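*Asks:* Sharing a structure, written as structure tokens. Questions coming.
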Ligand SMILES: NC(=O)c1ccc[n+]([C@@H]2O[C@H](COP(=O)([O-])OP(=O)(O)OC[C@H]3O[C@@H](n4cnc5c(N)ncnc54)[C@H](OP(=O)(O)O)[C@@H]3O)[C@@H](O)[C@H]2O)c1
């Protein structure tokens, strides 16, 4: 199946490689097309470079928006038409950096980033917050673990999105575990209790239940 990945930076490039390693075909786009071209050349025939963000979405069943939180809304507005009917996967943390390099949360404490992003999507798009629950390095090194796969947590309010993101998570070499609905997305973010964990499915389920 085909997934579009918009944003081929730190996390988007790793998501692309992990999905391609499991047999997914990819349509890539980025602000600088050279970045998407370089990644596509490294991945090989499974990845093609699209002619911009809107073109990336055409023909893809799912779209990963591997973008900084502060540019998400602008890109969603740009591609809103073609997003209807698709799974939208968002790994973004609601963070930004001030002039002194200090990282801060761009949403009020306790406000769910998943709920905010859901409000930006057009009717008919199905959202899952996923693939941002680990640093890019940990994500790269934890895929296809044996004998037991490592877990990737996700959050969604939509049952069909849940089935679709579970397929993508398995394709990337992990076992999916639902943390809850979109109101739980804070648990997956930097600073959340489920962020940057490499755990087995049994450990994951006990962590979910313990909350
Ligand atoms: N890196 C990690 O370890 C990690 C782990 C988990 C979650 N996350 C989260 O994932 C999000 C992305 O992080 P990142 O580290 O991947 O950031 P990044 O390295 O800055 O990559 C962002 C990508 O977005 C692209 N982009 C910017 N504006 C765009 C536009 N209008 N259209 C298309 N592409 C656009 C950039 O393109 P150009 O490069 O061409 O400018 C770049 O490829 C953040 O919210 C972060 O918190 C990151």
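*Asks:* Hey, for a label at residue 144 modelled as a point 7 Å past Cα toward Cβ, could you say which residues of the stretch 160-187 have their backbone N under 16 Å away?
*Replies:* Under 16 Å, as judged by backbone N against the label point of residue 144, lie 169-175 of the stretch 160-187.
*Asks:* So, one more: Could you work out how much longer the chain between residue 51 and residue 25 gets when fully extended? Use 0.36 nm per residue separation minus the Cα distance between them, nm to one decimal.
*Replies:* That works out to 7.7 nm of additional length.
*Asks:* Let me ask something else about it. How much of the DSSP bridge set in the chain is antiparallel, in percent, rounded to the nearest 5?
*Replies:* Restricted to the chain, the bridges split so that about 15 percent are antiparallel.
*Asks:* Let a ≥ b ≥ c be the square roots of the eigenvalues of the Cα gyration tensor of the stretch 76-211; is it rounded (a/c under 1.5), or, if not, prolate (a/b larger than b/c) or oblate?
*Replies:* Oblate, because a/c is 1.5 or more while a/b does not exceed b/c.
*Asks:* While we're looking at this one, here's another question. Give the shape of the stretch 6-58 as rounded, prolate or oblate, defined through the alpha-carbon gyration tensor: a ≥ b ≥ c are the square roots of its eigenvalues, a/c under 1.5 means rounded, and otherwise the shape is prolate if a/b is larger than b/c and oblate if not.
*Replies:* prolate
*Asks:* Once both labels are modelled 7 Å past Cα along the beta-carbon direction, what's the residue 70-residue 100 spacing in nm?
*Replies:* The modelled label-to-label distance comes out at 1.7 nm.
*Asks:* Something else: Please give, to one decimal in nm, the separation of the simple spin-label points placed at residue 38 and residue 80, each 7 Å out from Cα toward the Cβ.
*Replies:* Taking the simple label geometry, residue 38 and residue 80 are separated by 3.4 nm.
*Asks:* Using the per-residue mean of other Cβ atoms lying within 10 Å as a proxy for protection, in what order, highest first, do the peptides 62-68, 160-166 fall?
*Replies:* 62-68, 160-166
Bear in mind that the values in this text are calculations on the coordinates, not laboratory data. Predicted model, so just to flag it, every value in this text is computed and none were measured. Glycine also receives a Cβ, built like all others from the backbone with ideal geometry; neighbour counts cover every protein chain displayed.
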